[in-house]
Each structure stands twice: as C-alpha cells, then as structure tokens.
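Read the structure below first, then the notes.
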Amino acid sequence: MIKSMTGFASLTRDQESVTLSVTIRAVNHRFLDVQLRTPSSLAALEPRLRAIVQQRVARGRVEVSLSMQSRKPPAVDVEVNEAVIEALAAALERARERGIVNGALTAGDVLRFPQAVTVRDRQETSDMDPALASAAEGALAEAIDQLDGMRTSEGHHLRAELDTRRAQLADLFERGAAAAEAGSIALRARLAEKVKELQADAGVDEATIAQEIVRFANRSDITEETVRFRAHIEHWRALSDAPEPCGRKLDFLLQEMNREINTLGSKAEGPGVPELVVSLKAELEKMREQVQNVE
C-alpha cells in the first residue's frame, strides 16, 4: 500500500483531573525514528507510548509531544519556622521596652518575612495513576488515527502520480524494446548482405562466418532484460495493491529497473534508442523522488 511518510495530528482531551494535549509530526526518514517528549510525571509510560507508535508506523521520523495540565487547584504545603517567629517576637519585645515601637506582633507582620512562612507546591507521589496512563495511551492512539488518515490521504495522491509515471515508464521501455528489435533485424540484414559479398571468396569458411553473425547479433539481444523489466512493472502493481508498507521495496525495484535500462542503452541498436534511454532515465528519476515520500 502506498502511504505518505509525512503527516500531522493534534488533539486535546479533557479528563476529570487533567487536560491532555498530543501533537504528532511525521517527516521522511530511511527508517523509523520515534522522538517522544512527555512530562516527567509520565516518564515511566514512555516505553508503552513508543510501542503504540511503532505498532502503527513503519517508517519515518515521528515526533510526539504529549503535554498535561492539571484541572484542579495545586495542592500546597505551608511551613512555619517557629524559631524565626520567636526570635522576631523577642526582638519586637525589646524594641517595645525601649520605646522604639508600639503594639504586638501580628500575622501580617509575620508574613512580611519570607523566612518565617514558606509556601511550597506539594510533591505528588511517584506512582503512576492507572486512569491517567490509560487516558494518555488513548489520546495518543486517537492522534495516530488522525495521522494515519492524513498519511493515507496523501498516499492516494502519490499512488495516482506514481501509477501515471509507471505507465509512462512501461510505454517508453516497450518503445525502446521495439526500436531495439528493429535495430537487431536491420543489423542481421546488413550482416547477411556482407556474407553474400564474402561468399565470392572461396577461402572463406561460411560456417565460421555464420557463427560469428549469430554471436554478434546475440550480443545486442535484450529479450532477458525486457522480460525482467515487465516483471518489475507487475511486481510494482502487486506491492501498490498490498496492505503492507512498500516504500523501501519500491525503491529497490527502481534500482533494478535502472539496471535494465542501462543494459538496454549499452546493448540495443536502432534509431531513437539513445533518446528513449534518456527519457527512461529522466522518468525513473522523477519516480525515485516521489518514492522517497512513501512509507
């Protein structure tokens, strides 16, 4: 199946205690490269999140960002430094006795001294909340569904483009094979004429000449290359219709097709063959560029 490696997905899910946000970006890559960014509170969940991505994506660089925002007021701990407060009260009492200040130490006075009262965010327990873990996995799975839908949609456009170019490539090769066959027939005719001229020479071994003609003509025969190229075209169709990812296999097929085209150019003779080989290579390069986007 032809599916694009590029895609994007983003979603937000509200839970009872937190809001989860997932963003996924996927780009081309030779292999599967998963990059995860999660809050420290979900660090223990990373192996399971990575496995979810690996089950659904075969190739590409996939960047997953999962953020979490609490929907409850943050819990705090208030610590009172009694030693500091007692020291303040004693100092205030001495100042009062000397007539420097009036009045008693109030709560407002205490709060003006950061050393007297400390307010800290309460440290949550390190145990993973099963409900939160399940919600994070579900949100990631939904985001991957969105990503897969986008990659599949782009894959349909890639499939249409590649199918058109594959048909053009097959047509060009058939024209090249036909031109090569015509060139081979013309070559045999020229050689046959040459043999007739040599037959007048009594010292020439006709059997040897005939063998050389056959050997020379066979060197320009591209029957095997034509059969293999047609097989590659049919294999391409089968891979495109199969449900499995096929990007790397298609890239390999293009390498094999390029080999057959090179052989066609080196062996075939005939009018228009060089121009057809150039067109084949140009079309093949366009297909190779597109296949780099296929998963």
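The values are calculated or read from the model by the stated rules, or taken from the named source; none is laboratory data. Please read these numbers as outputs of a predicted model, since none were measured by experiment. Note that each Cβ is placed from the backbone with ideal geometry, even for glycine, and that neighbours are counted across all protein chains shown. The accessibility values were calculated without ligands, DNA or RNA, using every heavy atom of the protein model including side chains. Shrake-Rupley method; radii C 1.70, N 1.55, O 1.52, S 1.80 Å.
Which members of the stretch 79-110 meet the condition of being open to solvent by 90 Å² or more (accessible area, probe 1.4 Å) and either closer than 30 Å to Leu140 by Cα or in contact with a strand residue (DSSP E or B) (Cβ under 8 Å, 6 or more places away or on another chain) (or both)? Write out each step before concluding.
Keep residues of the stretch 79-110 that are open to solvent by 90 Å² or more (accessible area, probe 1.4 Å), which gives 79, 82, 86, 94, 97-98, 100, 102.
If the condition is that a residue be open to solvent by 90 Å² or more (accessible area, probe 1.4 Å) and either closer than 30 Å to Leu140 by Cα or in contact with a strand residue (DSSP E or B) (Cβ under 8 Å, 6 or more places away or on another chain) (or both), then Glu79 is the only one that fits.
What is the residue count in the stretch 151-199 for residues that are under 22 Å from the mean Cα position of the chain (by Cα), polar (S, T, N, Q) and exposed (fewer than 12 other Cβ atoms within 10 Å of the Cβ)?
Selection size over the stretch 151-199: 0.
Considering only residues that are farther than 30 Å from Asp241 by Cα and open to solvent by less than 60 Å² (accessible area, probe 1.4 Å), look in the stretch 29-41 and name the one that is modelled with the lowest pLDDT. Let's see the steps before the verdict.
Applying the first criterion (farther than 30 Å from Asp241 by Cα) to the stretch 29-41 yields 35-41.
Filter once more, keeping what is open to solvent by less than 60 Å² (accessible area, probe 1.4 Å): 36, 38-39.
On the way: Leu36: 95, Thr38: 92, Pro39: 89.
Step by step, filter the stretch 29-41, then rank; the result is Pro39.
From Gln146, Gln115, which residue is surrounded by 11 or more Cβ atoms within 10 Å (Cβ to Cβ), not aromatic (Phe, Trp, Tyr) and not in a helix (DSSP H, G or I)? Before the answer, list the steps.
Values: Gln146 fails: not in a helix (DSSP H, G or I).
Sole residue among the options that is surrounded by 11 or more Cβ atoms within 10 Å (Cβ to Cβ), not aromatic (Phe, Trp, Tyr) and not in a helix (DSSP H, G or I): Gln115.
Scan the stretch 3-14 and give yes if some residue there is touching a Ser or Thr at 6+ places or on another chain (Cβ under 7 Å), among the basic types (Lys, Arg) and either within 20 Å of Glu295 (Cβ to Cβ) or surrounded by 14 or more Cβ atoms within 10 Å (Cβ to Cβ) (or both), otherwise no.
We begin by selecting, within the stretch 3-14, every residue touching a Ser or Thr at 6+ places or on another chain (Cβ under 7 Å); these are 3, 10, 12.
Checking the rest, the ones that are also among the basic types (Lys, Arg) come to 3.
Those still in the list that are either within 20 Å of Glu295 (Cβ to Cβ) or surrounded by 14 or more Cβ atoms within 10 Å (Cβ to Cβ) (or both) too: 3.
Scanning the stretch 3-14, I find at least one residue that is touching a Ser or Thr at 6+ places or on another chain (Cβ under 7 Å), among the basic types (Lys, Arg) and either within 20 Å of Glu295 (Cβ to Cβ) or surrounded by 14 or more Cβ atoms within 10 Å (Cβ to Cβ) (or both), so the answer is yes.
Leu132: open to solvent by less than 80 Å² (accessible area, probe 1.4 Å) and within 47 Å of the chain's Cα centre (by Cα), yes or no?
Values: open to solvent by less than 80 Å² (accessible area, probe 1.4 Å): yes; within 47 Å of the chain's Cα centre (by Cα): yes.
Taking the combined requirement at face value, the residue satisfies it.
Kindly indicate whether any position in the stretch 127-149 is modelled with pLDDT under 90 and β-branched (Val, Ile, Thr).
Looking through the stretch 127-149, none of the residues is modelled with pLDDT under 90 and β-branched (Val, Ile, Thr).
In the stretch 241-253, what residues are surrounded by fewer than 17 Cβ atoms within 10 Å (Cβ to Cβ), of a type outside the set (D, E, K, R) and in contact (Cβ under 8 Å) with a residue 12 or more places away in the chain?
Ala242, Pro243
Give the residue, chosen from Ala26, Ala44, that is within 22 Å of Asn293 (Cα to Cα), surrounded by 13 or more Cβ atoms within 10 Å (Cβ to Cβ) and of a type in the set (A, V, I, L, M).
Details: Ala44 fails: within 22 Å of Asn293 (Cα to Cα).
Only one candidate qualifies: Ala26.
Looking at Ala179, Ala207, which is the one that is assigned to a helix (DSSP H, G or I), hydrophobic (A, V, I, L, M, F, W, C) and at pLDDT 70 or above?
Working: Ala207 fails: at pLDDT 70 or above.
Only one candidate passes the filter, namely Ala179.
Out of the residues in the stretch 60-76 that are open to solvent by 30 Å² or more (accessible area, probe 1.4 Å) and under 24 Å from the mean Cα position of the chain (by Cα), which is nearest to Thr152 (Cα to Cα)? If you could, list the steps in order and put the result at the bottom.
Filtering the stretch 60-76 down to residues open to solvent by 30 Å² or more (accessible area, probe 1.4 Å) leaves 61, 63, 65, 67-76.
Now restrict to residues that are under 24 Å from the mean Cα position of the chain (by Cα): 61, 63, 65, 67.
Working: Arg61: 16, Glu63: 18, Ser65: 22, Ser67: 26 Å.
Filtering first and then ranking leaves Arg61.
What number of residues in the stretch 259-286 are open to solvent by 40 Å² or more (accessible area, probe 1.4 Å), farther than 17 Å from Ile2 by Cβ and in contact (Cβ under 8 Å) with a residue 24 or more places away in the chain?
4
Given the criteria more than 19 Å from Ile144 (Cβ to Cβ) and within 19 Å of the chain's Cα centre (by Cα), does Arg30 qualify? Before you say what the answer is, go through the steps one by one.
Details: more than 19 Å from Ile144 (Cβ to Cβ): yes; within 19 Å of the chain's Cα centre (by Cα): yes.
Yes: the conditions hold for Arg30.
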